[in-house]
Amino acid sequence: MTDSYTPPKVWTWNKDDAGPFANINRPIAGATHDLTLPVGQHPFQLYSLATPNGQKVTIMLEELLEAGVSAAEYDAWLIKIGEGDQFGSDFVAINPNSKIPALLDHSVSPPQRVFESGSILLYLAEKFGKFLPTDPAGRTETLNWLFWQMAAAPILGGGFGHFFAYAPEKFEYPINRYTMEAKRQLDVLDRQLAHSEYIAGADYTIADMAIWPWYGGIVLGRAYNAAEFLDAGSYKNLLRWAQQIDARPAVTRGRMVNKMNGPLEEQLRERHDAGDFATKTQDKLEGAA
C-alpha cells in the first residue's frame, strides 16, 4: 500500500502534475486565447468531438435527417480538446463551461446558443417535435431517463473510466468504489430493458440517444477496454438494446462525425454535407494526399 495522502489546508494548482489532461482540465473558467470559430452554410453549427457526449448530438441530428427533417441540416466542426480549443474565445462565448458539444442555431435571430448535451437533445426534440413523446406520461418518463444519464455518466466516465483506464497509477480503492457503482448503473438499465424495448418505453427517444453512447459503448466493448472486467455480457437486456441501436444507419453516421480515433474509414472529422460520409472520411482524404 502506498503512503496515505494528507490534503493541504488550501489546495493549489500544480500545472506540472496535470499530465495528458493539462489542456483539458483547469480550476478556472473563461477563455485562454482568441479563437474564431468557422461558420458554415447550414442552420445548425456544431462544435464538438466524438466523445460519448459529442456523439449524442450528432446521432440526434442524423436521426432527424433520417426522419426527413431537412431543416436539421448542420455543419460539424472539430474541437480538439487535447489542444485546448474549448478554451478559445468564440467557443467560451457559446459554452462558458468550456465543454463539448456546443451548438449555434442560426435559424433564429439572433442565433441561439445551446450547450450541455442534454439541453441540446431537448432543444432539438422540442424544436422539431421528434423523439420526445407529447403525452405527459411519456414525456416525463423520457425526461426521467435523460436526466438520469446526466447524473449517472460522470460516475461512469470521470469515476470508473478515469481510475480504471486513464489514471497514471492504479489504486484498488477508487477502482473498486467506481466499479461497484458502474455495475449498479448497468443493472438499473438491464432491469428497465427487461420489460421495455427502449429505455423510456416502446418508442426510441432522446433518452436512448443520451444513454447509448456511454452505456452501449461499455457493453459493446468500445469504452475503456473494460467489457470483460465489468462482465458486460451478463447484462443481456442491455446488450440486446445496445446492438439494436447500433444497427441504426443514423447512429452509424453519428458515431463517425468529429471522430479522430479508430479506423480511418470511420473518421469524418468535419461534416458539412450528407455526401461527406462517402467522400471525405479520413481514409479517402489521406489516400488522396
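The values are calculated or read from the model by the stated rules, or taken from the named source; none is laboratory data. Please read all numbers here as calculations on a predicted model, not as lab measurements. Neighbour counts are summed over all protein chains in view; Cβ atoms, including those assigned to glycine, are modelled from backbone coordinates with ideal geometry. Just the protein is used for accessible areas: all its heavy atoms, side chains included, with ligands, DNA and RNA removed. Shrake-Rupley method; radii C 1.70, N 1.55, O 1.52, S 1.80 Å.
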Requested in this report: Quickly run through the range 127-142 and pick out the residues that are surrounded by 13 or more Cβ atoms within 10 Å (Cβ to Cβ) and free of Cβ contacts under 8 Å to residues at least 40 places away in the same chain.
Outcome: Lys127, Arg139
Report task. Please enumerate the residues belonging to the range 211-242 that are closer than 17 Å to Lys56 by Cβ and in contact (Cβ under 8 Å) with a residue 40 or more places away in the chain. Result -> Ile211, Trp212, Pro213, Trp214, Tyr215, Gly217, Ile218, Ala223, Trp241
Query raised in the report: Can you pull out the residues in the range 258-285 that are touching a residue at least 40 places away in the same chain (Cβ under 8 Å), among the charged types (D, E, K, R) and either open to solvent by 70 Å² or more (accessible area, probe 1.4 Å) or in a helix (DSSP H, G or I) (or both)?
Result: Glu270
**Report entry** the range 93-106 residues that are on the phi < 0 side of the Ramachandran plot and open to solvent by 60 Å² or more (accessible area, probe 1.4 Å), paired with ones that are modelled with pLDDT of 95 or more and of a type in the set (Lys, Arg) (beta carbon under 9 Å, 6 or more apart)
**Finding:** Ala93/Arg113
Report summary line: The lone condition Gly40 fails out of (1) within 20 Å of Val108 (Cβ to Cβ); (2) touching a Leu at 6+ places or on another chain (Cβ under 7 Å) is (2)
Query raised in the report: Taking the range 73-89 only, how many residues are of a type in the set (Gly, Ala, Ser) and within 26 Å of Lys127 (Cα to Cα)?
Result: 1
**Report entry** helices (runs of 4 or more DSSP H) lying entirely in the range 203-257 (those with 2 or more residues that are charged (D, E, K, R) and farther than 16 Å from Ala152 by Cβ)
**Finding:** 236-246, 249-256
Requested in this report: Please work out which one of (1) surrounded by 13 or more Cβ atoms within 10 Å (Cβ to Cβ); (2) closer than 30 Å to Asp246 by Cα is the condition Leu37 fails and give its number.
Outcome: (2)
Query - Test result for Tyr204, at positive phi and either surrounded by fewer than 20 Cβ atoms within 10 Å (Cβ to Cβ) or touching a helix residue (DSSP H, G or I) at 6+ places or on another chain (Cβ under 8 Å) (or both) - result: no
Query raised in the report: Do you know which residues across the range 126-150 are among the hydrophobic types (A, V, I, L, M, F, W, C) and either part of a helix (DSSP H, G or I) or over 11 Å from Asp203 (Cα atoms) (or both)?
Result: Phe128, Ala137, Leu143, Trp145, Leu146, Phe147, Trp148, Met150
